[in-house]
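Asker: Structure in structure tokens, see below.
What follows draws every value from the coordinates through simple rules; no lab data is involved. Predicted, not measured: the structure shown is a model, and the values here were computed from it. Reconstructed Cβ throughout: ideal geometry from the backbone, glycine too, with neighbour counts over all protein chains shown.
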Amino acid sequence: MLEWLQNQGGTYHNFIDGAFVESRTSYIPIYNAANAEQLLGYFPDSSEREVNVAVDAAERGLSRIAQLSMTERSHIMLRFAELLLRDRQELAYRIAAEQGKVLSEALGEVDRARNEAIFVATEALRVQGLHVPAERAGMHNYVQQVPIGVVAAIAPWNFPVVTPVRKIVPAFIYGCSVVFKPASYTPFAATKLMELFAEAQVPSGAINMIVGSGRIVGKALVAHPKVRGISFTGSTDQGMNIHQVAAARLAKTQLELGGKNAAIVLSADHVAKVAKQIVSAAFGCTGQRCTAISRVIVRSSIKQELTSAIVEEAQKLNIGPAWKESSQMGPLINAKHMESVCTHIKGAIDEGARLLTGGGRMTGGLYDKGNYLEPTIFDHVQSQMKIATEEVFGPVLTIQEVDSVEEAIEVANATKYGLATSIFSTILQEAYAVSNAIQSGMIHINHGTSSAHHLPFGGVKQSGFGAFSIGSTNQQFYTEPKVTYIEY
């Protein structure tokens with residue numbers, strides 16, 4: 001990996017109308033998240049004018065997509081999926097370098113992206129309409145699902161391959177063209193994706209990419225009158241602002257937002273196994289994922305045993321850069337985010353939470369080149385504390401003790417979020433009952449918060465809005481009904 005990265009440091013461009021186009025604005029450097037001295041490349045800091053050019057290209061691309069049968073679209077995306085497999089290693093290196101996650105996680109992300117692309121491509125021929133009996137003789141009535149038009153796909157920095165694929169592939173399959181904005185922190189892997197879409201023979205203008213800030217590029221995309229849908233993954237505050245702008249012109253939104261996900265532990269035959277599940281879900285991707293477990297809500301009868309097991313498991317984690325095979329958790333993405341997470345940790349201590357392990361920045365040797373934070377665990381946490389209600393988006397886990405199932409449900413629901421929840425119980429009837437009472441888009445019983453590539457993905461309350469992504473529910477966002485009456 002290190003040898004491959006030594007060949008980087010070039011200049012990368014926007015992708016518009018089937019070709020890489022040099023930006024007329026400035027370029028900004030992107031560095032390796034685990035080694036701030038390693039330049040990965042220079043990327044555009046694009047302007048509103050360039051957004052307009054990309055949207056116009058996407059509008060032209062709609063007619064080119066419409067000329068393709070659903071079978072042809074499916075074959076194009078299946079070719080793209082095979083290219084993901086061919087270039088799996090390079091894509092994983094790019095992810096690990098710009099985002100910081102360890103190589104095994106980066107490889108897993110590419111594999112997940114490929115699986116999702118294959119699922120959507122093979123679902124293409126299952127899009128169905130509806131034939132409705134007419135009110136009178138000599139008439140046929142039918143309802144079909146048609147593409148909404150140009151879609152803005154705005155991706156986050158924590159999953160720079162799977163999230164773009166999750167948005168772009170179904171858009172194309174259902175007949176929409178795309179203007180894709182990668183996160184300004186992570187455009188390195190996104191550039192490779194554009195190369196692969198072009199190699200798969202996606203028509204010109206069908207998929208476009210503009211690199212730049214949310215303040216300029218994102219704002220211009222969301223407000224653009226030709227953009228009929230916005231698929232956004234990111235913070236709740238940003239998502240709510242996007243929805244307000246889009247609603248003012250009746251554009252559709254698909255929002256995947258923040259989470260404050262709980263693991264509710266009611267009973268366990270093997271506490272150590274539960275602890276492994278929780279630690280994996282809490283500290284994978286360095287806690288920088290919306291479905292990370294950040295709260296443990298545990299019955300008092302097993303609180304001490306589970307707490308000890310979780311702390312012991314977290315302290316075993318090997319922290320280091322992606323290129324070390326022993327690394328199990330990488331750095332935070334940059335210094336700005338490190339400061340944000342550390343502010344949450346200090347706030348928790350000030351509010352009276354007890355720090356059980358971690359909480360400090362790791363220094364010395366390789367650690368000085370990245371933003372490494374110890375896995376951090378608190379107990380003596382109360383529901384009103386900020387550490388129990390606000391999304392930290394880092395390797396920080398809290399433990400809250402409850403005396404009953406009813407109290408566990410109340411504590412779990414006491415946030416504005418509702419994305420994913422894990423429930424651990426040896427009594428399935430109890431787990432089902434809790435599942436029904438939890439305000440969450442996704443429930444995981446007796447395992448962590450890992451999701452499948454073919455099931456709907458999304459949240460409720462302030463964790464999401466609009467159609468869930470990934471599964472068959474994507475069709476609800478990328479298409480809209482069109483009713484036809486025929487007299488014969």
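Asker: Which ordering of SER294, SER383, SER231 is given by a fewest-first count of other beta-carbon atoms within 10 Å?
Answerer: Details: SER294 26, SER383 16, SER231 30.
Ordered from fewest to most neighbouring Cβ atoms within 10 Å, SER294, SER383, SER231 come out as SER383, SER294, SER231.
Asker: Hey, what number do you get for the chain at 222 nm if only DSSP H runs of n ≥ 4 count, each worth -39500 (n - 2.57), divided across all residues, to the nearest 500?
Answerer: Values: 16 runs with 184 residues, N = 488.
Value at 222 nm, helices only: -11500 deg cm²/dmol.
Asker: What FRET efficiency, computed as 1/(1 + (r/R0)^6) with R0 = 45 Å and r the Cβ-Cβ distance, is obtained for GLU407 and SER326, rounded to the nearest 0.05?
Answerer: Numbers: r = 41 Å, r/R0 = 0.90.
After rounding, the FRET efficiency stands at 0.65.
Asker: Modelling each spin label as a point 7 Å along the Cα-to-Cβ direction, I'd like the THR389/LYS226 distance in nm, to one decimal.
Answerer: 4.5
Asker: Determine the shape class of the stretch 239-376: with a ≥ b ≥ c the square roots of the Cα gyration tensor eigenvalues, call it rounded for a/c under 1.5, and otherwise prolate if a/b is greater than b/c, oblate otherwise. Present the calculation step by step, with values, prior to reporting the outcome.
Answerer: On the way: a/c = 1.87, a/b = 1.26, b/c = 1.48.
It is oblate, given that a/c is not under 1.5 and a/b is not larger than b/c.
Asker: Related question: For VAL202, VAL298, what ranking results if the residue with the fewest other Cβ atoms within 10 Å of its Cβ goes first? Present the calculation step by step, with values, prior to reporting the outcome.
Answerer: Details: VAL202 26, VAL298 29.
Least to most surrounded, the residues fall as VAL202, VAL298.
Asker: Next question. Roughly speaking, what is the stretch gain from ASP368 to ARG126, that is 0.36 nm per residue apart minus the C-alpha to C-alpha distance, in nm to one decimal? Write down the numbers at each step before the final one.
Answerer: On the way: separation 242, 0.36 × 242 = 87.12 nm, distance 5.22 nm.
Gain on extension, ASP368 to ARG126, equals 81.9 nm.
Asker: Is the shape of the chain best called rounded, prolate or oblate, per the rule: a/c under 1.5 gives rounded, else a/b larger than b/c gives prolate, else oblate, with a ≥ b ≥ c the square roots of the Cα gyration tensor eigenvalues?
Answerer: Working: a/c = 2.02, a/b = 1.31, b/c = 1.54.
Note, shape of the chain comes out oblate.
Asker: So how far apart, in nm, are the two label points at GLU90 and THR25 if each is 7 Å from Cα heading toward Cβ?
Answerer: Between GLU90 and THR25, the label points sit 2.8 nm apart.
Asker: How much length would be gained if the chain were fully extended between ASN241 and ASP111, taking 0.36 nm per residue of separation minus their Cα-Cα distance, in nm to one decimal? Kindly include the intermediate steps, with their values, before the conclusion.
Answerer: On the way: separation 130, 0.36 × 130 = 46.80 nm, distance 3.25 nm.
Full-extension gain reported as 43.6 nm.
Asker: Looking at the stretch 12-69, which chymotrypsin sites (Phe, Trp or Tyr not before Pro) are in a loop (DSSP not H, G, I, E or B) and have at most 16 other Cβ atoms within 10 Å? Mind dumping the intermediate values first?
Answerer: On the way: sites: TYR12, PHE15, PHE20, TYR27, TYR31, TYR42; in loops: TYR12.
Nothing satisfies the criteria.
Asker: How far apart, in nm, are the 7 Å Cα→Cβ label points at ARG215 and GLN315?
Answerer: Placing both labels 7 Å along Cα→Cβ, they lie 4.4 nm apart.
Asker: Something else now. Quick one: Cα centre-to-centre distance for the stretch 208-259 and the stretch 110-128, in angstrom?
Answerer: The distance from the Cα centre of the stretch 208-259 to that of the stretch 110-128 comes to 24 Å.
Asker: Over the stretch 340-397, calculate the relative contact order: mean separation of alpha carbon pairs under 8 Å at least 6 apart, over the residue count, as a percent. Present the calculation step by step, with values, prior to reporting the outcome.
Answerer: Details: 78 pairs, mean separation 22.9, N = 58.
With pairs under 8 Å counted, the relative contact order is 39 percent.
Asker: Roughly speaking, what is the stretch gain from THR426 to THR484, that is 0.36 nm per residue apart minus the C-alpha to C-alpha distance, in nm to one decimal?
Answerer: Values: separation 58, 0.36 × 58 = 20.88 nm, distance 5.35 nm.
Fully extending the segment from THR426 to THR484 adds 15.5 nm.
Asker: Over the stretch 261-452, what is the mean sequence separation of C-alpha contacts under 8 Å (at least six apart), divided by residue count, expressed as relative contact order in percent? Before the final figure, lay out the partial values.
Answerer: On the way: 375 pairs, mean separation 56.1, N = 192.
This gives 29 percent for the stretch 261-452.
Asker: Using the number of other C-beta atoms within 10 angstrom as an exposure proxy, rank ASP56, ASP403 with the fewest first. Mind showing how you got there, number by number?
Answerer: Details: ASP56 18, ASP403 10.
Listed from fewest to most nearby Cβ atoms, that is ASP403, ASP56.
Asker: What shape does the stretch 1-131 have by the C-alpha gyration tensor, where a ≥ b ≥ c are the square roots of the eigenvalues, rounded means a/c under 1.5, and otherwise prolate means a/b greater than b/c and oblate the rest? Can you show the working numbers first?
Answerer: Values: a/c = 2.88, a/b = 1.34, b/c = 2.14.
Oblate.
Asker: Let me ask something else about it. Given a cut-off of under 8 Å on Cα pairs at least six residues apart, what relative contact order in percent is computed for the chain? Intermediate results must be reported in sequence, preceding the final value.
Answerer: Numbers: 1123 pairs, mean separation 86.2, N = 488.
Result for the chain is 18 percent.
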